[in-house]
Structures are given as C-alpha cells and as structure tokens.
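Asks: Before anything else, here's the structure in question.
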Amino acid sequence: MTETFWRFVIMLIGVFFIRWLFNAIQDRKDDEEIQRKFYDDGEGPERPPFCESPSPPSEPVPLHDKAALRAMDPEPNCETMELIKKYQQEMTEKENLQAQNKELLLTTLQEMGCQPQEDPDEDRIYLKYQGENFCIDQNLSFIRIWDLPFADVNVIDTNLPLIIETINTANHCMGPAIILSDPDENGKRNIMSRMDLLFSTFIPEPASYLAAVFELFFQIKHTFKLELDKALDPSGEGKNSNLSTSQPFLN
C-alpha cells in the first residue's frame, strides 16, 4: 500500500512539472509574438536597436575627420556634436592666429633687412641679422629666438668650470639666457643663447620691438666675453677669449 502511494505521488509531481514547463514555453512564445506584432506590424513604435559596444578604432580618429566620426557614430547625440563643433572652432581659431602671427613675423623681419628662410620640416625660421645667425620658433602669440652657437668648448678643457660660472654670471644681467649644450660624440659643447617673448598683431611697432630684442643678444654675448676675459686673466694683460661671431673662440 505504501509503495503504491509513493509511486502515485511521484507520478503526480512529474505530470505537474511537465505541464508547468509546457506552459512556460508557450508563454514565452506568446510574448515574442505580441512584441513582434507591437513593433513590426505597425501597432507600436519602431523596435529599438540592439546596443553593442563599438569596437575601438585601431588608431585614434581626429575630431576634424567628419567622415570617420560618422562611420563610428552615424547618429551622434547633441552633446557629442557640440563638443566636436567647439573643438573644430578652437582649432580653426588657433590655426588662424598662428598664420596671422607668422605672416607678421616674416613681414617684420623683411622690413628689418633680413631674408628669413622657412624650414617646413622643423617649422622654424632661419635668418641673419647684423652678421649673426638666428632661428625662431613660433607658437601662436609667442616666439623663441635662438642665437645659434657662437662658440664651443671641449669637455676636457680645464677652463670649463670657469666658463660655466661665467655663463651663470652673464645670465643675471640680460634678457636672453646663454646655454651650454650637451657634449657631442667628440666631447664638444656649443655655447648659444635664447629668449622667449610675446609677439602678436597687437604690438604697435613690431620692427622696433624685434630690433631691441636682437640688441639684447649682442649685449649679453659682449657681457659674457668681458666676464670670461676677466676670469681667465684678472690682470687684463694676458689671455683673453678672442670671441668671434663666426669662429669658435674656445677649443
């Protein structure tokens, strides 16, 4: 009696489970059919697209490349479009400012009697002013003027510490800064000077402004020569640096 009872109970449970599983499968099919009719048969809105995380591009896409941006995001949201427009506007303003200031710089140098030469590979302007070789780097409203190496010294020169001390002394006096380069493969260190300054279209007399700046380069080199002569021979009667604008004065 007991064994028969438990068989009946197990059979009853199996019947209820199978019926529940069948109903669950049927309900799922009914839900899918309702959704299909609601979205695809014109009874409801357009079915929302399945969202997938886009795979990152192999290389960064610049914001000014509109075609590439559309390929990545065919329908960018308003916030994305505003950021792109703002970035493009800022880049356009910077490019215009860079072009205006470079044109002003080239025109001013020509007015000063120079013959500036642009180097597109280095994005630099080379020129000669009163027999001295200079180059200029420009970044928007600022420029950096280099007085190209006017002397050199070898790392084994016993006067090198004295020269470094003299450079530091001269740098306290003028606007440009004298710089001692790193040694090359032969142990030679170049001596040059540079100065950063504002240069833009709102400067009233750019030619006079640049002429005054170039004069500072000649003054600091002259000061450096005098200080080095004193350091090499305090009596003023012996060895001097023999500074020259065209030939190294220390070997």
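The values are calculated or read from the model by the stated rules, or taken from the named source; none is laboratory data. Just so it is clear, the structure is predicted and the values come from calculations on it, not from any experiment. Counting neighbours? That spans all protein chains shown, and the Cβs are built from the backbone with ideal geometry, glycine included. We work out accessible area using only protein heavy atoms, side chains counted, and drop any ligands, DNA or RNA first. Shrake-Rupley method; radii C 1.70, N 1.55, O 1.52, S 1.80 Å.
Asks: What are the residue pairs meeting all of these: first residue in the range 211-223, first residue of a type in the set (Lys, Arg), second residue part of a helix (DSSP H, G or I), Cβ atoms under 9 Å, and 6 or more apart or on different chains?
Replies: Listed pairs, sorted by first residue: LYS221/ALA170.
So that you can scan it fast, the table gives a plain yes or no per residue for (1) over 30 Å from GLU103 (Cα atoms); (2) open to solvent by 50 Å² or more (accessible area, probe 1.4 Å):
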| residue | (1), (2) |
| --- | --- |
| GLU185 | yes, yes |
| SER193 | no, no |
| ASP196 | no, yes |
| PRO206 | no, no |
| GLU215 | no, yes |
| PHE218 | no, no |
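Asks: Collect the residues in the range 101-130 that are surrounded by 14 or more Cβ atoms within 10 Å (Cβ to Cβ) and part of a helix (DSSP H, G or I), keeping them in residue-number order.
Replies: ASN101, LYS102, LEU104, LEU105, LEU106, THR108, LEU109
Asks: Right, next: Give the residues of the range 141-162 that are open to solvent by less than 10 Å² (accessible area, probe 1.4 Å) and at pLDDT 90 or above, sorted by residue number.
Replies: Residues satisfying the conditions are ILE143, ILE145, ASP147.
Asks: I'm checking my understanding of the structure. Among residues of the range 165-205 that are among the aliphatic types (A, V, I, L, M) and either over 18 Å from LEU148 (Cα atoms) or assigned to a loop (DSSP other than H, G, I, E, B) (or both), which one is modelled with the lowest pLDDT?
Replies: Taking the range 165-205 first, the residues among the aliphatic types (A, V, I, L, M) are 167, 170, 174, 177-180, 191-192, 195, 197-198, 203.
From the residues that got through so far, the ones that are either over 18 Å from LEU148 (Cα atoms) or assigned to a loop (DSSP other than H, G, I, E, B) (or both) too are 174, 198, 203.
Numbers: MET174: 68, LEU198: 90, ILE203: 86.
Top of the filtered list is MET174.
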